[in-house]
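Visitor: Have a look at the structure that comes next, please.
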Amino acid sequence: MKKSNKALQIRNYMNLHPTADTKKICSVLKVEPAYVYAIRNKMKSEAKNDNSTESVLKDFAERAYRAGAGRSSPPQVGDNVGGLILTDVGEGKLKWIAKPKTRMQSTEDKEWQPPELLPMPDVRVVDNVNHPPHYKTGGMETIDFIEAKELDYNLGNVVKYVTRAKHKGTELEDLKKAQWYLERAIMKLHV
């Protein structure tokens, strides 16, 4: 597989199979896990910076669904949500802008100017069950690394506790847990 085509093939596969894990992608496309991680992180970064109409609508629908807003369809241009109006600003981009205040204009007033465009509110939902933040530091989830290296239960726990030590709970406690699992892995080799 040519190097320039690898990234494109990985992207296409991940778009067609969004739930595929790294191991599956590597086996199907015959690529290294590090390459899949790099492409996945780049795609996540690009998605954060995407202001296309499709992306804004998809993002809104996902946020509304997660927030339990009861809205099953994406918003339409002109919809008013929380005092913000979804507006088409050209080039296939949408923005949420504040609703202009209406007032009586006198002949002495300056010409009315449209309100400044406001960014869409950033609502981050923490998913402590599927993707806890203490396992996502460094740009890669710990479970993806453990699976890519095909580590067994004990060594997987060593990696887990070492990588989360500074980010969750008591650092010393997590390092002692990692040590406990490492000692068990060593004992298995001596048996």
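Visitor: Identify, please: which residue in region 135-171 is surrounded by 15 or more Cβ atoms within 10 Å (Cβ to Cβ), among the polar types (S, T, N, Q) and in contact with a Ser or Thr (Cβ under 8 Å, 6 or more places away or on another chain) and is, among those, farthest from residue 23 (Cα to Cα)?
Guide: This residue is 163.
Visitor: Out of the residues in region 127-148 meeting the condition of being in a loop (DSSP other than H, G, I, E, B) and either among the aliphatic types (A, V, I, L, M) or in contact (Cβ under 8 Å) with a residue 24 or more places away in the chain (or both), tell me which one is nearest to residue 46 (Cα to Cα). Steps first, answer last, please.
Guide: Initial filter on region 127-148 (in a loop (DSSP other than H, G, I, E, B)): 127-132, 136, 140-141.
Subsequent filtering for residues that are either among the aliphatic types (A, V, I, L, M) or in contact (Cβ under 8 Å) with a residue 24 or more places away in the chain (or both) retains 129, 132, 140.
Details: 129: 25, 132: 21, 140: 16 Å.
Across region 127-148, the extreme among qualifying residues is 140.
Visitor: Of the residues in region 157-185, how many are among the hydrophobic types (A, V, I, L, M, F, W, C) and modelled with pLDDT under 90?
Guide: The initial filter retains those residues of region 157-185 that are among the hydrophobic types (A, V, I, L, M, F, W, C), namely 158-159, 162, 165, 172, 175, 178, 180, 182, 185.
With modelled with pLDDT under 90 added as a condition, the list becomes 165.
Residues meeting the conditions: 1.
Visitor: Output the qualifying pairs, or none if there are none: Cβ atoms under 8 angstrom, residues six or more apart or on different chains, first residue in region 33-51 and under 14 Å from residue 22 (Cβ atoms) and at pLDDT 80 or above, second residue of a type in the set (S, T, N, Q) and assigned to a helix (DSSP H, G or I).
Guide: Matching pairs, first to second residue: 33/22; 36/22; 37/22; 40/22.
The values are calculated or read from the model by the stated rules, or taken from the named source; none is laboratory data. The model shown is predicted, which means the values in this text are computed figures rather than measured ones. Counting neighbours? That spans all protein chains shown, and the Cβs are built from the backbone with ideal geometry, glycine included.
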